[in-house]
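S.K.: Shown below is the structure under consideration.
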Amino acid sequence: MDRLTSAARLMIVSDLDHTMVDHHDTENLSLLRFNALWEANYRDNSLLVFSTGRSPTLYKELRKEKPMLTPDITIMSVGTEITYGNSMVPDDGWETFLNNKWDRKIAESEQRPHKVSFSVQKEKAEDIMKTLSKRLEERGLDVKIIYSGGMDLDILPQGAGKGQALAYLLKKLKSEGKLPHNTLACGDSGNDAELFSIPDVYGVMVANAQEELLQWHAANAKNNPKVIHASERCAAGIIQAIGHFNLGPSTSPRDVMDLSDCKMDNFVPAYEVVKFYLFFEKWRRGEIEHSEDYLANLKAVCRPSGTFVHPSGVEKSLQECVTLFRTCHGDKQGKQYRIWVDQVLPAQVGSDSWLVSFKKWELSGEDRRCCITTVLLSSKGKTLADGLTWTHVHQTWLHGSAPSDSTAW
């Protein structure tokens, strides 16, 4: 959170499975649409928080399977663990708070220090919850029992849960003078209900929300205009909610048919980066025509003396790269091929220049690669219609991501 020196423009707090991530979307299009929107418009001045029932181990497995962005904050194990940044530094204050009236040794079952979980048949859930609550109270434990997804029963400290973790975060941010201007909570199941009960927080139940969450909403938040039931599934529902509540731009660059027609009020380096790599993906998938006009436009935004350093160490001129670009049109047509960028962070280094760093991911079939990328962009002598000039591009492999033959990539 130290990345921001002032209050976040927007904080999105989202569940993962069946909310941010649609496991029925084999192309991951709704997730990729959100990724492009976030990186182009929000990353540098907003906070992304993932709030999941998954343990750290299962969360990391999901990140390997899906094209997910890197969050600023991760809340795991149904709100019982909070970590920060790429290194996932734990919040010791939250752990200390949860230790009150909690004895983890009462049950041994994939468990976490402050979460005990079971799978329970839907028809037996209500009776089991009543019996458990009584027995645990008799043992002097102040606990909370949450049933979600039609099968998952979690036992947590009374002060835990996704809602309490969010309330804790908001209080912590407020004490630092960084309370977000707007917060949007997103969920699909019973363990997300608490997120929508936090004061002054907007909420969206995605179209595919579970029955138990819809029942909770009908009983507790039916007349709350700050909580909506989206008509779109998963990440598409989150995008819909951003637009519904007027929280900021809500058109993903992936939904813009001709990115060259985008009208901007000022130079936005992050948007330029997202726009270019979307074009690169569409070009290789053969989704845009092989046009000399496109190639001429590319050459026009590349400085004649500009250079590109490949992660293998090979250096070429940007103009030469554009010429080579002609030969790869449609080479990924009909194949599973996607590009997304993560943690796009621009820094203005001059009156008319920006240094932009990000992770550039490329998926081709089962082959998934990532480069740490830095680009130098300039607005010198350019109008908004011209776009920024690409002056220098430098890539290095993310640790463990280099292919055996890096020159062929």
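S.K.: So which GluC sites (Glu not before Pro) in region 307-396 pass both tests, a DSSP loop state and at most 10 other Cβ atoms within 10 Å of the Cβ?
M.R.: On the way: sites: GLU315, GLU320, GLU362, GLU366; in loops: GLU366.
Counting only loop positions with at most 10 other Cβ atoms within 10 Å, the GluC sites (Glu not before Pro) in region 307-396 are GLU366.
S.K.: In what sequence, highest mean first, do 185-198, 33-46 appear when ranked by Cβ atoms within 10 angstrom? Walk me through the numbers before you get to the answer.
M.R.: On the way: 185-198: 25.2, 33-46: 22.3.
Ranking the peptides 185-198, 33-46 by packing returns 185-198, 33-46.
S.K.: Separate question: Order the following by accessible area, largest value first: MET257, MET76. Probe radius 1.4 Å; ligands, DNA and RNA are ignored. Mind dumping the intermediate values first?
M.R.: Values: MET257 175, MET76 0 Å².
Descending order: MET257, MET76.
S.K.: Along the positive direction of the dipole of region 269-397 (beta-carbon charges: Lys, Arg +1; Asp, Glu -1; about the Cα centre), which of SER291, VAL274, PRO304 reaches farthest?
M.R.: So the residue we want is VAL274.
S.K.: If I model a spin label at HIS244 and LYS282 as a point 7 Å from the Cα along the Cα→Cβ vector, what separation in nanometres do I get?
M.R.: Distance between the two pseudo-spin positions: 2.8 nm.
S.K.: Taking the Cα centre of region 269-397 as the origin, how large is its charge dipole in debye, to the nearest 20, when only Lys and Arg (+1) and Asp and Glu (-1) carry charge on their Cβ atoms?
M.R.: Values: 17 positive and 15 negative charges, 31 e Å.
It works out to roughly 140 debye.
S.K.: Can you work out the accessible area per residue across region 300-409, with the rest of the protein chains kept in place, probe 1.4 Å, in square angstrom?
M.R.: Details: 5420 Å² over 110 residues.
Using a 1.4 Å probe on heavy atoms only, each residue of region 300-409 averages 49 Å².
S.K.: Right, here's the next one. For region 65-74, what does the Karplus curve 6.51 cos²θ - 1.76 cosθ + 1.60, with θ = phi - 60°, yield as ³J(HN,Hα) per residue in whole Hz, taken in order and with x for Gly and Pro?
M.R.: Going residue by residue, I get 8, 10, x, 8, 6, 8, x, 7, 9, 10 Hz, with x marking Gly and Pro.
S.K.: Another question, if that's okay. Select from region 160-264 those trypsin sites (Lys or Arg not before Pro) which occupy a DSSP coil region and have at most 13 other Cβ atoms within 10 Å, ordered by residue number. Could you put the intermediate results ahead of the total?
M.R.: Values: sites: LYS162, LYS171, LYS172, LYS174, LYS178, LYS222, LYS226, ARG233, ARG254, LYS263; in loops: LYS178, LYS222, LYS226, ARG233, LYS263.
Passing sites in region 160-264 are LYS222, LYS263.
S.K.: Any idea of THR57's accessible area? Nearest 10 Å², probe 1.4 Å.
M.R.: So the heavy atoms of THR57 present about 80 Å² to solvent.
S.K.: Can you give me the Cα centroid spacing of region 366-398 and region 199-255 in angstrom?
M.R.: For region 366-398 versus region 199-255, the Cα centre distance is 34 Å.
The values are calculated or read from the model by the stated rules, or taken from the named source; none is laboratory data. All figures in this text were calculated on a predicted structure; none of them were measured in a lab. We place every Cβ from the backbone using ideal geometry, glycine too, and count neighbours over all the protein chains shown. Side chains included, ligands, DNA and RNA excluded: accessible areas come from the protein's heavy atoms. Shrake-Rupley method; radii C 1.70, N 1.55, O 1.52, S 1.80 Å.
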